[in-house]
1. Could you give every pair whose Cβ atoms fall below 8 Å, whose first residue belongs to the stretch 204-224 and is more than 20 Å from P186 (Cα to Cα), and whose second residue is of a type in the set (A, V, I, L, M) and open to solvent by 40 Å² or more (accessible area, probe 1.4 Å), counting only separations of at least 6 or pairs across chains?
2. From the list F108, F43, exactly one residue is of a type in the set (F, W, Y), closer than 22 Å to L143 by Cβ and assigned to a helix (DSSP H, G or I). Which is it?
3. Kindly check whether there is at least one residue in the stretch 139-155 that is assigned to a loop (DSSP other than H, G, I, E, B), among the polar types (S, T, N, Q), surrounded by fewer than 15 Cβ atoms within 10 Å (Cβ to Cβ) and without any contact (Cβ under 8 Å) to a residue 40 or more places away in the chain.
4. It is to be established whether one or more residues within the stretch 71-90 are under 23 Å from I135 (Cβ atoms) and charged (D, E, K, R).
5. Suppose we filter the stretch 158-184 for residues that are of a type in the set (V, I, T) and either under 22 Å from the mean Cα position of the chain (by Cα) or surrounded by fewer than 11 Cβ atoms within 10 Å (Cβ to Cβ) (or both); how many remain?
6. Where the second residue is open to solvent by 90 Å² or more (accessible area, probe 1.4 Å) and not in a helix (DSSP H, G or I) and the first is under 20 Å from N133 (Cβ atoms) and lies in the stretch 18-45, which pairs have Cβ atoms under 6 Å and are six or more apart or on separate chains?
7. Might you let me know whether the stretch 20-28 holds any residue that is part of a loop (DSSP other than H, G, I, E, B), closer than 17 Å to C139 by Cβ, out of contact with any helix residue (DSSP H, G or I) (no Cβ under 9 Å at 6 or more places or on another chain) and not basic (K, R)?
8. Could you please tell me which pairs satisfy a Cβ distance under 8 Å, a separation of 6+ or placement on different chains, a first residue in the stretch 176-188 that is assigned to a strand (DSSP E or B), and a second residue that is surrounded by 10 or more Cβ atoms within 10 Å (Cβ to Cβ)?
Amino acid sequence: LINDINEWASGQRFHPSYTRVGGLQRDVDDAWINRVRSFLKGFLPAHADICRLLNRNRIFIDRCRGIGVLTREEAINRSVTGPVARASGVVRDLRKNRPYLAYDAIDFNVVCAQEGDCLARYLVRMEEMRQSNRIIQQCVAWLRANPGPVMVDERKVRPPSREEMKGDMESLIHHFKLFTEGYSVPVGDTYAAVEAPKGEFGIYLVSDGANKPYRLKIRPPGYV
């Protein structure tokens, strides 16, 4: 169902290329929003069924409790992030600690545990699904209440539309230069990170002033 929603918005099912530098590929319609709302409504009962099946299942609990214990100190020393770290008592979520996009305006809880075992990691992830449902509900409500452009009006960042490119020579030249020369940014370095499902996902970039990065380092959530 989630892949259906991705495909509806972007045209691609497993690797939706929907975001762009400066905004989004295109706007979504009311039918897409209704589809998201329908999924959110049906998700909670399905989630509750899984919780009723597993959370008091003696065999499941006995095989998870006390298994694979990762202490808070070990998690920090090994640079563990995300739900695995939070299950060990590391209270850190970039959406709260270093808000980006609209997360500073969204109400949700950072889910943590102390035990650091397989059971704690399972419980943290299960509750994070409920928090994600909360987040999406607020975002959908905000979309309905605040219609507007989905791409910044800045020609140095945004390529012209196909209609503009076919009817205006300057737009055609701009499109050609943007896709052949790319972007040039000032000399320096920067690091940006997001709270991915598995933990902190970051990009470190170094620029020497050219239109290609002098250095690019991806900081994945696992096995840093």
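1. Every condition considered, the pairs that remain are I218/I203; R219/I203.
2. F43
3. Taking every residue of the stretch 139-155 in turn, at least one turns out to be assigned to a loop (DSSP other than H, G, I, E, B), among the polar types (S, T, N, Q), surrounded by fewer than 15 Cβ atoms within 10 Å (Cβ to Cβ) and without any contact (Cβ under 8 Å) to a residue 40 or more places away in the chain.
4. Checked against the condition, which is being under 23 Å from I135 (Cβ atoms) and charged (D, E, K, R), the stretch 71-90 yields at least one hit.
5. Summing the residues that are of a type in the set (V, I, T) and either under 22 Å from the mean Cα position of the chain (by Cα) or surrounded by fewer than 11 Cβ atoms within 10 Å (Cβ to Cβ) (or both) in the stretch 158-184 gives 1.
6. Cβ pairs passing all conditions: F39/L1.
7. Checking the stretch 20-28: at least one residue is part of a loop (DSSP other than H, G, I, E, B), closer than 17 Å to C139 by Cβ, out of contact with any helix residue (DSSP H, G or I) (no Cβ under 9 Å at 6 or more places or on another chain) and not basic (K, R).
8. Filtered contacts from the stretch 176-188: G188/V206; G188/S207.
The values are calculated or read from the model by the stated rules, or taken from the named source; none is laboratory data. Predicted model only: the values in this text are computed from it and were never measured. Here Cβ is always computed from backbone atoms with ideal geometry, including for glycine, and neighbour counts include all displayed protein chains. Ligands, DNA and RNA are stripped out before the accessible areas are found, and what is left, the full protein with its side chains, is counted by its heavy atoms. Shrake-Rupley method; radii C 1.70, N 1.55, O 1.52, S 1.80 Å.
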